[in-house]
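So the structure is just underneath, and the comments pick up after that.
The values are calculated or read from the model by the stated rules, or taken from the named source; none is laboratory data. Not measured: the values here are computed from a predicted model. Cβ placement follows ideal geometry from the backbone for every residue including glycine, while neighbour counts extend to all protein chains displayed. Accessible surface is based on the protein model in full, side chains and every heavy atom, while ligands, DNA and RNA are left aside. Shrake-Rupley method; radii C 1.70, N 1.55, O 1.52, S 1.80 Å.
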Amino acid sequence: MITKHLFAATITLLLLSNIAHAAGDPKVKSAMAKSDCFTCHSVNAQVVGPAYKEVAKRYHGTMAPASTIATLAEKVIKGGNGNWNKETGGSPMTAHANLSKVQATDMVKWVLAQ
Ligand code: HEC
């Protein structure tokens, strides 16, 4: 009986931590809201930029290798286009030169957790 309850509690905790993980760090999300990320992106739908869920899918989400994360962080800082022309019709992402590498990396990790 106790074992059964412990099992259920463990599963509940695992599910909860998974949900928290899937949503990404809320502090990073508010930094993204303070920047202009959500002007062009939404989690679920194509806006000017691709849906963050689609970005996460393409780069294997939280399993993305460090080199991919670094490349994407650099793209956020420098801006650019070419990887999502089919979705965006060729619209570019603007540069975010005010962001540090660390900030941009945190944001990319947040995107990949969607
Ligand atoms: C002016 C609109 C705009 C803003 C603002 C914007 N993006 Fe983008 N973003 C785009 C477009 C358009 C693309 C697709 C670029 C391409 O085709 O390579 C994109 C692509 C991306 C990608 C995937 C890059 C790739 O090469 O696959 C990431 C990650 C991303 N944006 C994150 C962010 C973050 C984080 C912010 C805020 C700091 C942000 N974007 C702000 C328009 C925008």
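Here VAL108 fulfils each of the conditions (1) surrounded by fewer than 19 Cβ atoms within 10 Å (Cβ to Cβ); (2) near the ligand (Cβ under 6 Å from one of its atoms) apart from (1).
It is to be established whether one or more residues within the stretch 88-101 are near the ligand (Cβ under 7 Å from one of its atoms), out of contact with any Cys (no Cβ under 8 Å at 6 or more places or on another chain) and closer than 16 Å to ARG58 by Cβ. Within the stretch 88-101, one or more residues are near the ligand (Cβ under 7 Å from one of its atoms), out of contact with any Cys (no Cβ under 8 Å at 6 or more places or on another chain) and closer than 16 Å to ARG58 by Cβ. Restricting attention to the stretch 50-74, the residues that are within 17 Å of THR39 (Cα to Cα) and near the ligand (Cβ under 7 Å from one of its atoms) total 2.
Please enumerate the residues belonging to the stretch 80-106 that are in contact with a Ser or Thr (Cβ under 8 Å, 6 or more places away or on another chain) and closer than 21 Å to ASN44 by Cα. Within the stretch 80-106, ASN81 is the sole residue that qualifies. Of the candidates ALA70, ALA51, ALA95, ALA64, the single residue that is open to solvent by less than 70 Å² (accessible area, probe 1.4 Å), in contact with a Lys or Arg (Cβ under 7 Å, 6 or more places away or on another chain) and aliphatic (A, V, I, L, M) is ALA95. Sort out which residues of the stretch 50-65 are under 19 Å from GLU87 (Cα atoms) and among the β-branched types (Val, Ile, Thr), and write them in order of number. Answer for the stretch 50-65, where residues must be under 19 Å from GLU87 (Cα atoms) and among the β-branched types (Val, Ile, Thr): just VAL55.
Conditions tested, residue by residue: (1) in contact with a Phe, Trp or Tyr (Cβ under 8 Å, 6 or more places away or on another chain); (2) within 16 Å of ALA113 (Cα to Cα); (3) modelled with pLDDT of 95 or more.
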position	(1), (2), (3)
ILE19	no, yes, no
ALA23	no, yes, no
MET32	yes, yes, yes
ASP36	no, no, yes
LYS57	no, yes, yes
GLY79	no, no, yes
ASN83	no, no, yes
MET93	no, no, yes
